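This report refers to the structure that appears directly beneath it.
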Amino acid sequence: MSSNIDLVIFGARGDLAKRKLLPALYQLDKAGLLPDSTRVAAVARENIDTVEFIKHTSELFKGLYGEDNWDEKVWSRFSRRLHYIKVDFSQKKEFSGLKQWIVDKRTMIYYLATPPSLFGSICKHLDDAGCVTPTSRIVLEKPIGHDLQSSEQVNGAVGQYFDEGNIYRIDHYLGKETVQNLLALRFANRMINSQWDNSCIDHVQITAAETVGIEGRWSYYDKVGQLRDMVQNHLLQLLCMVAMEPPSSLKADEIRAEKVKLLRALRPICGDSVEEHAVRGQYSAGWISGSPVVGYMEEEGCESDSSNNETYVALKVHIDNWRWAGVLFYLRTGKRMQDKVTQVVIVYKDNPHSLFPETEGEANNKLVIRLQPNEGIELEMVSKKQSLKERLKTEKRTLNLDFFDSSGESRIADAYERLLLEVMKGDQWLFVSRDEIEASWHWCDRLLASWRDKKVATKPYSAGSWGPSRAEILIENDNRSWQEE
């Protein structure tokens, strides 16, 4: 990593910067991973100075980490890196203040923690002010558009000023330790890799469930929905990591090329197949962790008497290639669900002939890859029950690898720590290419269009449940069931 790197955060007074970006940079500094000369410019519209910004950040961190985990020495070093620059993003002339802060011959990283509608104008104003050089990098937060056409417009606007090799599109799921471990699990273990295809795997489940609701964002979310908010990016990226072909190397271009091939191999869900292969849901009032919660249409900020916007999606997905022909992938994601859990479940085929009749139909090995709440890997298998009374009585046992307990570390690094570190290294392997973005939007757009054309209504589900009953039918029609424990 170059020692001559400066980071500029646009939207530094926003929620993302406060909850994720600034804490991630502090943790990198604490771990000794920030070069001594690295500076951080916090850019926002608020009329405060650097002293006040540092004070606010100090209060934020003390509330976040508590007095017991507060390291005054690290904070003293980190706070000296911070500078606050007031900029109205819509005013070209105000970027001159940022230009004065920039030092020649240093690599600039611009992190746009702003709405995508501002990406193009910010890039133009940076270029007009002379802040963009061939070494400058830019980081974009999702969503990159709301459909294929708008994503092409956003990518095109940014691409006028930054080469593709300098554009880092964030999907924070790719920064999670478990997602990266999928590469090692699949490609470093012959035992796993040799059985990672349709000859051994029966089906795959990918779940991303949240207990939270709209959190005061009703007007925004009602224009987006769960398919755009979660499936188009997070779930399809997880699907890529699970199902892509082995790359020829771990270089960014090789990994990203295999993900694009996988996305282009997804069978469209459209026309008459939409009712059979996709479920839309919307939560109604219910209970979460013993407390009552309101339904979607009773949420704060609701601006309509009715809405067909989905807060839940379940999909049955086919991948049309040689490795996965005949293997079904079940994806589901929703808000106000029973538990907060993100996991990938690989369900292996049963033996063609069983020597143990009591296990028939229940002996499938399962590989459970947990992303949250506790990152790790479980392998469900059958073993002999320890007993003198019963001859070869079997039972299911679980081998559990908990990443936190087995790491010897005091904490698991947040995804943004890894992602920011890779941006500073100049490595794009954990970031999404333009081709990936547009391939995923192309697939999602066809599903969205079919929902509109077929006038598919959302199915109600009670808050605190696992989603609408139609989602259970989706998988049970194939003599399978969701993994929910």
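Structural remarks
- Test: residue in the stretch 299-310 that is in a strand (DSSP E or B) and surrounded by 14 or more Cβ atoms within 10 Å (Cβ to Cβ): no
- Residue identified as part of a strand (DSSP E or B) and either modelled with pLDDT under 85 or open to solvent by 50 Å² or more (accessible area, probe 1.4 Å) (or both) among W287, W322: W287
- Leading residue by the ranking (least open to solvent (accessible area, probe 1.4 Å)) among those in the stretch 97-116 that are free of Cβ contacts under 8 Å to residues at least 60 places away in the same chain and over 26 Å from W429 (Cα atoms): G97
- Residues in the stretch 16-32 that are closer than 29 Å to P143 by Cβ and touching a residue at least 40 places away in the same chain (Cβ under 8 Å): L16, A17, K18, K20, L21, P23, A24, L25, Y26, Q27, L28.
- Conditions (1) open to solvent by less than 10 Å² (accessible area, probe 1.4 Å); (2) closer than 30 Å to L182 by Cα: number failed by I214: (2)
- Residue in the stretch 173-224 that is nearest to G290 (Cα to Cα), counting only those that are in contact with a strand residue (DSSP E or B) (Cβ under 8 Å, 6 or more places away or on another chain) and of a type in the set (G, A, S): G213
- Checking K62 against (1) within 22 Å of L126 (Cβ to Cβ); (2) free of Cβ contacts under 8 Å to residues at least 24 places away in the same chain; (3) of a type in the set (K, R), the condition it does not meet: (1)
- Residue satisfying condition, being crowded, with 21+ Cβ neighbours inside 10 Å and either touching a residue at least 24 places away in the same chain (Cβ under 8 Å) or not basic (K, R) (or both), within set S469, S450, S440: S440
- Residues of the stretch 79-97 that turn out to be polar (S, T, N, Q) and either in contact with a Cys (Cβ under 7 Å, 6 or more places away or on another chain) or not in a loop (DSSP other than H, G, I, E, B) (or both), as a count: 2
- Selected residue [over 25 Å from W441 (Cβ atoms) and of a type in the set (A, V, I, L, M)] from V345, V274: V345
The values are calculated or read from the model by the stated rules, or taken from the named source; none is laboratory data. For clarity, every value in this text was computed on a predicted model and none was experimentally measured. FYI the Cβ positions are ideal-geometry reconstructions off the backbone, even for glycines, and counts take in every protein chain you see. The area values use the complete protein model at the heavy-atom level, side chains included, leaving out ligands, DNA and RNA. Shrake-Rupley method; radii C 1.70, N 1.55, O 1.52, S 1.80 Å.
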